[in-house]
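Enquirer: Got a structure for you, questions after.
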Amino acid sequence: MAHCEQVATAVRTVDSVLTRMRALDAALPHRDGVAVFNRVYLAVTEAVDRHIDAGRFADARAAIALDVRFAERFLDAVDAAARDRRPPACWRPVFQFRRHPGVRPLQFALAGINAHIGHDLALAVVDTCRTLGCEPVDLEDEFERVGDLLVSLEERVRDELMPGPDLLQIADPLTHLLGSWSLDRAREATWTAARALWALRRLPDVAGEFTERLDAAVGFAGRMLLTPLPD
């Protein structure tokens, strides 16, 4: 009974995360770069929620905890920007260029996925391990399932936001930008980063420096993905 109550409480927390994302979707202009990513991420979170409800995660409590800690990283960045505070470096390009007319919606979607996977997910794994008193290896199945959902969604995003074949020529700069980033490679790097951060948890100075460098590197990749392009 206690376990069921814990899961029910966590589900309510997932619901609160979804409520915040839906409110953000309703409040932001459709073309706003943050709104573009939020729609993508809302779809991911709704899919994870459906999988949890359907019992597709072996450990529902771990899946919920990871899902919530993960989402909170993005929402905290949104709150920081709204209050004129500096969000993490990985998110700054998205907020800086969110209204730039030369940046296409697909670029915003991929730059947001880059920030959230490349930086936020590694920290969310560590946050979840601290919350549940477990090791990263105990979350590997949940990490992989969430990653699989993101891969399927990235494919859908590319299909929906990719310019038509008449616009996407081999010489189009967008072609080169899309080819420079891979979600699969980002997932692999994130899992390595999460394990490294967990191993460094008793060395806070080193862990802090590692996190700062990770944040900066992901932010640099995001800035490249958001290079303004000619029409």
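The values are calculated or read from the model by the stated rules, or taken from the named source; none is laboratory data. The structure presented is a predicted model; accordingly, all values stated were derived computationally and were not measured. Reconstructed Cβ throughout: ideal geometry from the backbone, glycine too, with neighbour counts over all protein chains shown. SASA here: full protein model, heavy atoms, side chains in, ligands and nucleic acids out. Shrake-Rupley method; radii C 1.70, N 1.55, O 1.52, S 1.80 Å.
Enquirer: Looking only at region 46-66, decide whether some residue is under 18 Å from the mean Cα position of the chain (by Cα), open to solvent by less than 60 Å² (accessible area, probe 1.4 Å) and closer than 15 Å to VAL157 by Cβ.
Expert: Yes - at least one qualifying residue is present in region 46-66.
Residues are listed down the side, and each one gets a yes or a no for (1) polar (S, T, N, Q); (2) farther than 15 Å from THR227 by Cβ; (3) at pLDDT below 95:
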| site | (1), (2), (3) |
| --- | --- |
| PHE97 | no, no, no |
| VAL103 | no, no, yes |
| PHE108 | no, no, yes |
| ALA115 | no, yes, no |
| VAL126 | no, yes, no |
| LEU149 | no, yes, yes |
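Enquirer: Need pairs with beta-carbon distance below 9 Å; first residue over 22 Å from VAL36 (Cβ atoms) and open to solvent by 10 Å² or more (accessible area, probe 1.4 Å) and within region 141-158, second aromatic (Phe, Trp, Tyr) and part of a helix (DSSP H, G or I); sequence gap 6+ or separate chains.
Expert: Filtered contacts from region 141-158: GLU144/TRP191.
Enquirer: So which of ASP120, ASP79 ends up being under 21 Å from ARG22 (Cβ atoms), surrounded by 14 or more Cβ atoms within 10 Å (Cβ to Cβ), acidic (Asp, Glu) and at pLDDT 95 or above?
Expert: ASP120
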